[in-house]
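Bear in mind that the values in this text are calculations on the coordinates, not laboratory data. Quick caveat: nothing in here was measured; it's all calculated off a predicted structure. So basically every Cβ, Gly included, is an ideal-geometry build from the backbone, and we count neighbours across all protein chains shown.
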Amino acid sequence: MSAVLHPGKGQRPSSPILPSPAAANAAAASFAALTARLDYLDAAEIDLVRKAYRFADEAHLGQIRASGEPYITHPIAVAAQCAEWKLDAQALMAALLHDAIEDCGVTKPELIERFGAPVAELVDGLTKLDKLHFNTREENQAESFRKMLLAMARDVRVILIKLADRTHNMRTLEDVPREKWARISAETLEIYAPIAHRLGLNQTYRELQELSFRYMRPWRYSVLSKGVARARSRRRDLIQKVQKDVDAAFETAGMAVRIFGREKTLFSIYKKMDEKHLSFAQVTDIYGLRVIVPTVTDCYTALGLLHQMYKPVPGKFKDHIAIPKINGYQSLHTTLVGPSGVNVEFQLRTEAMHLVAESGVAAHWLYKASVPQDESTERLGTKWLQSLLDIQNETRDAAEFWDHVKIDLFPDAVYVFTPKSQILALPRGATVVDFAYAIHSDVGDHTVAARINGAQVPLRTELKNGDVVEVVTAPVSTPNPAWLGFVRTGRARSKIRHHLKTLAQAESQQLGEKLLAQALRAEGLEKLPPDNDEYHGVWDRLLRFTGNRSRTELLTDLGLGKRIASIVAKRLMTLLAERGERPNALLISRERFTAHENVSQGGITLDGSENASVQFATCCRPVPGDVITGYLGRGEGLVVHTEDCPVGRRLQHKDAERFIGVEWSDEPVRPFETGVLVTVTNGKGALARVAAALASAEADITHVDMDDERAQDATDLRFVIAVRDRPHLESVLRNLKRTSSVMNAQRIKPGIAQ
């Protein structure tokens, strides 16, 4: 009895019969063998395929495969497999040309000129996939490569051709040096076979598994093969009796069915034995029968007939018609107790379901070719697969078809490479900064620039599948708060926030130390006592007074305004006086003589480098040259107001002890933002002229707002601009007032409508 029992007429055996390499190559040696499979194409399309064959034959002239046969036998075999899936002429042409760019020096523009852009794109996509280097030692890496292969392919046909290519290479692996068998087989088993399964190409999936097992574990394959052959001969009569009884039962019921045998693959037997620790004798479902019926209703009717004939095994019934598998597979599975107590598995499905089960994603071409008017195509059962068929039939757009597949496969991920070919999965919409933090938090913190596929890009650039991303770092670089506006991953967001918080704490500590030192000078002490053993007792008693756990925490609280520096300084001076240290009377008088009259703490100099520890109030937006004062908000750090700011004055009236004297440095290190109100006459180009005037005055626009009342003669434009100092601001305002369309320009201050 053969491996597949009584195949139906014209039915390909579902269990792969592995052809000998010589036979496989001989069958694919000529274009004539391929032409016989192209009966579903019209004459013009066959001519295009023939043209591609001639070009490929010429390009590969003189090249020999490891078996010693002409290289062209390989492209022909790949195209033959694609023809079996009824792929279109473009796909067959790409299959014939798939090694032309890589091995023969043919360029993509040359392919576009000869065969058109769609074929060239398919060949180019296959060439890119060929360049990927797989490292299958880590299972999660293999899973990422599988997903990335699917994600990278802009057209589903690229993956189908690639699978056909790998299938033929595995069929002829015997000709390759033995030391390569394990690596190639492992790659096939871990990368390509699961892709075939995910796309529903079950026949290809089983064959790739079987061939991989054959070359990875030759001895185990041989032993199992002999065991299955012996079991087959022992159970031949039994299976034939079951099939005869079932045939008779369906004939009596008047149901037209096709019944054929199904044999479990050696790899699936081995896997089951390995995972469940079974002996070969304990594997009972090696053989089964597949029943093909006309309609979905007939599936359930046939199930009822079978359950009347033989008792079902409890827990061994699965309804994959009502609940299909994710790749579109549908069938009823039931295991029955046959004659002599032997379990026999039955699979019941319609012709449409069988086509999907064997060919999966390729089924939309098969349907189009074989049964375009068949109503059973409407009963594929899964909305996903049905929508694929609809898209393919309505648009004939392979790119749209594949996009739809990819949305279902993995809606939220992109797969990118590091320069060392490690693959990372990131959420869709992830940017270069997300990538940098996914590598390591230190890389993210010090990122300054990036290159994608060798080209310089902004850090906010969104990543695409297959991108090779290289991050440039610098030791002095730190995270930018603006990154929080575009990063997508929680890891990047939390790391940036943590760094900014730590940075703010460090800056607040420095500010607190400066404030305490200045307040101490007002008490007559030149500098802070050091944090050493000699003064340990002093600091310890001071911390008990303030309630802080450490000197660092106290200084940070002072910088954030949670403690008043003058009060802490007075207490510290008292503690030092108990040790016998006396204040310097001359220093006290000098500090009091120069101190600001309206503040209770010492002054501080600002140059714009203070970052998070100092905030410039948005109510008055002070710039260098303004008279300013500082408010130590509770937990906010130092907030700087202009001296005439009404908001600052109200705070000073309520909380005078929290104000300190601040002044500008002679040389600020950065521009400062301030508000400008520009009134313009309505008309074309008014905003453009104002923006040009600001640019010519070297003022950067950071924000712009305007009235909604378009019908009026005049419109107010509100800008937030960055200027160097007050003279620069006055120069900007003069420049604006000279601009046509501008009726007035003034600085926005509290009280002016904002």
By Cβ neighbour count within 10 Å, fewest first, Tyr205, Tyr71, Tyr215 rank Tyr71, Tyr215, Tyr205
Computed from the beta carbon distance with a Förster radius of 56 Å, FRET efficiency for Ser550 and Arg183 to the nearest 0.05 stands at 0.45
Just how far, in whole angstrom, is region 171-227 from region 653-724 if you go by their alpha carbon centroids? 70 Å
Could you work out the relative contact order of region 413-478? I mean the mean sequence separation of Cα pairs under 8 Å and 6+ apart, divided by the number of residues, in percent. 39 percent
If you find the alpha carbon centre of region 92-106 and of region 300-332, how far apart are they in angstrom? 45 Å
Diagonalise the Cα gyration tensor of region 672-747 and give the resulting equivalent ellipsoid semi-axes, square root of 5 times each eigenvalue, largest first, whole Å. 20, 12, 10
FRET efficiency for Glu275 and Leu61, using Cβ-Cβ distance with R0 set to 51 Å, rounded to 0.05: 0.55
Cα-Cα pairs in region 223-359 separated by more than 23 Å, as a whole percent of all pairs, come to 36 percent
Do any trypsin sites (Lys or Arg not before Pro) in region 627-736 lie in a DSSP loop with no more than 14 other beta carbon atoms within 10 Å, and if so, which? Arg634, Lys684, Arg710
Using a simple spin-label model with points 7 Å from Cα along the Cα→Cβ vector, what separation in nm is obtained for Ala43 and Ala322? 5.4 nm
What do the square roots of 5 times the Cα gyration tensor eigenvalues come to for region 409-471, in whole Å, largest first, as semi-axes of the equivalent ellipsoid? 17, 12, 11
FRET efficiency, 1/(1 + (r/R0)^6) with R0 45 Å, evaluated for Ile567 and Thr681 via beta carbons: 0.20
Using the Kirkwood radius over C-alpha pairs as Rh, can you work out the diffusion coefficient of region 196-284 via Stokes-Einstein at 10 °C, viscosity 1.306 mPa s, in µm² per second? 104 µm²/s
Where chymotrypsin sites (Phe, Trp or Tyr not before Pro) fall in DSSP loop in region 653-754, at most 13 other Cβ within 10 Å: none
Set Lys570/Lys654; Lys241/Lys271; Lys562/Lys654; Lys108/Lys420; Lys264/Lys316; Lys514/Lys570, cut-off 18 Å on Cα-Cα distance; pairs above it are Lys570/Lys654; Lys241/Lys271; Lys108/Lys420
